[in-house]
1. Could you please find all residues in segment 192-243 being within 22 Å of Leu66 (Cβ to Cβ) and basic (Lys, Arg)?
2. Among Gly70, Gly89, which is under 19 Å from Arg206 (Cα atoms) and surrounded by fewer than 22 Cβ atoms within 10 Å (Cβ to Cβ)?
3. When you look at Leu238, is it assigned by TED's automatic domain parsing to the domain that holds Arg172 and under 24 Å from Leu80 (Cβ atoms), yes or no?
4. Scan segment 77-117 for residues that are of a type in the set (Val, Ile, Thr) and touching an Asp or Glu at 6+ places or on another chain (Cβ under 6 Å) and jot them down.
5. Which residues, taken from segment 166-183, are among the aliphatic types (A, V, I, L, M), surrounded by 19 or more Cβ atoms within 10 Å (Cβ to Cβ) and in a helix (DSSP H, G or I)?
6. Could you figure out which of (1) under 17 Å from Tyr99 (Cβ atoms); (2) modelled with pLDDT of 95 or more; (3) over 14 Å from the mean Cα position of the chain (by Cα) isn't true of Asp212?
7. Evaluate segment 69-78: report whether one residue or more is in the same structural domain as Ala147 (by TED's automatic domain parsing), under 21 Å from Met215 (Cα atoms), modelled with pLDDT of 95 or more and of a type in the set (Ser, Thr, Tyr).
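The values are calculated or read from the model by the stated rules, or taken from the named source; none is laboratory data. Source: prediction; values computed, not measured. Cβ placement follows ideal geometry from the backbone for every residue including glycine, while neighbour counts extend to all protein chains displayed.
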Amino acid sequence: MREPGKEGGGWWNALKNGGVPSAIASVLGTHSAQQIAFLRSLTKGKRRPETLHVPLRELETAVFDLETTGFLYKQGDEILSFGAVKTDGERVELENTFYTLTRSSCPIPPEITALTGITQEMVEQASPLVESLHGFMSFVDDRVLVAHGSAHDKSFLDTALWRTSKVRLSHRVLDTMMIAQKLDHDDRIASLDDWLGIYGIPVANRHHALEDAKMTAFLWLALVDRLRERGVHTLGDLYIFLSQT
């Protein structure tokens, strides 16, 4: 049995090094093979030590959210849409956003359509997963990622990257829910709606990936202000703060 991540031997090694062998291109199509090669190159080396010394007020992030068919990625649930917005230090770059639907191979439950407004017909006409991932990863580039309840989104993103390109997400990922709970010593409050209310951030068009990402971005900046009051100034300080009991 091959070791995980070694499928095809030289095929994946070549992709990892940025090449697109003709054998892969003939099976996947040159365009898809190039997208996979790009994804493999982009997920390498995103945890640069020098990032730890960057002040949070200067940290460039990509705040993101995913809509999915359910919560059980290990049982076949898949991503339906990607949304992301960049922050530049203390500003949400509302002019600098990303949104796309992506094709799903499993049926969308009626309750998910009711919640998100995403229908089966919409995703059947959407881009293949590898193209959506290519667009998303190109947008976020090497920025620190931020999400609310990030375990869910990170697991789905990690699964999608492995499924399409045999790579794992290597970006730093910060969780606004975890930070907010740590600041207020209250792990009973979890939902994005509740934390938005606590910080006085208007709630609109929930469960749309891009709109949720925008609201999470404003929450992130509010948390940065609170963290500064607690003497947490850099990304390294934040990791230390979160690790304290």
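1. Answer for segment 192-243, where residues must be within 22 Å of Leu66 (Cβ to Cβ) and basic (Lys, Arg): Arg206, Lys214.
2. On the way: Gly89 fails: under 19 Å from Arg206 (Cα atoms).
Of the residues listed, the single one that is under 19 Å from Arg206 (Cα atoms) and surrounded by fewer than 22 Cβ atoms within 10 Å (Cβ to Cβ) is Gly70.
3. It is false that Leu238 is assigned by TED's automatic domain parsing to the domain that holds Arg172 and under 24 Å from Leu80 (Cβ atoms).
4. Of the residues in segment 77-117, the ones of a type in the set (Val, Ile, Thr) are 79, 85, 87, 92, 97, 100, 102, 108, 112-113, 116.
Result: Thr116, single match.
5. Met177, Ile179, Ala180
6. It fails just one condition, (3).
7. No, the conditions are met nowhere in segment 69-78.
Residue-by-condition table, conditions (1) polar (S, T, N, Q); (2) modelled with pLDDT of 95 or more:
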residue	(1), (2)
Phe82	no, yes
Val85	no, yes
Thr97	yes, yes
Ser105	yes, no
Pro109	no, yes
Thr113	yes, yes
Ile118	no, yes
Met122	no, yes
Ala126	no, yes
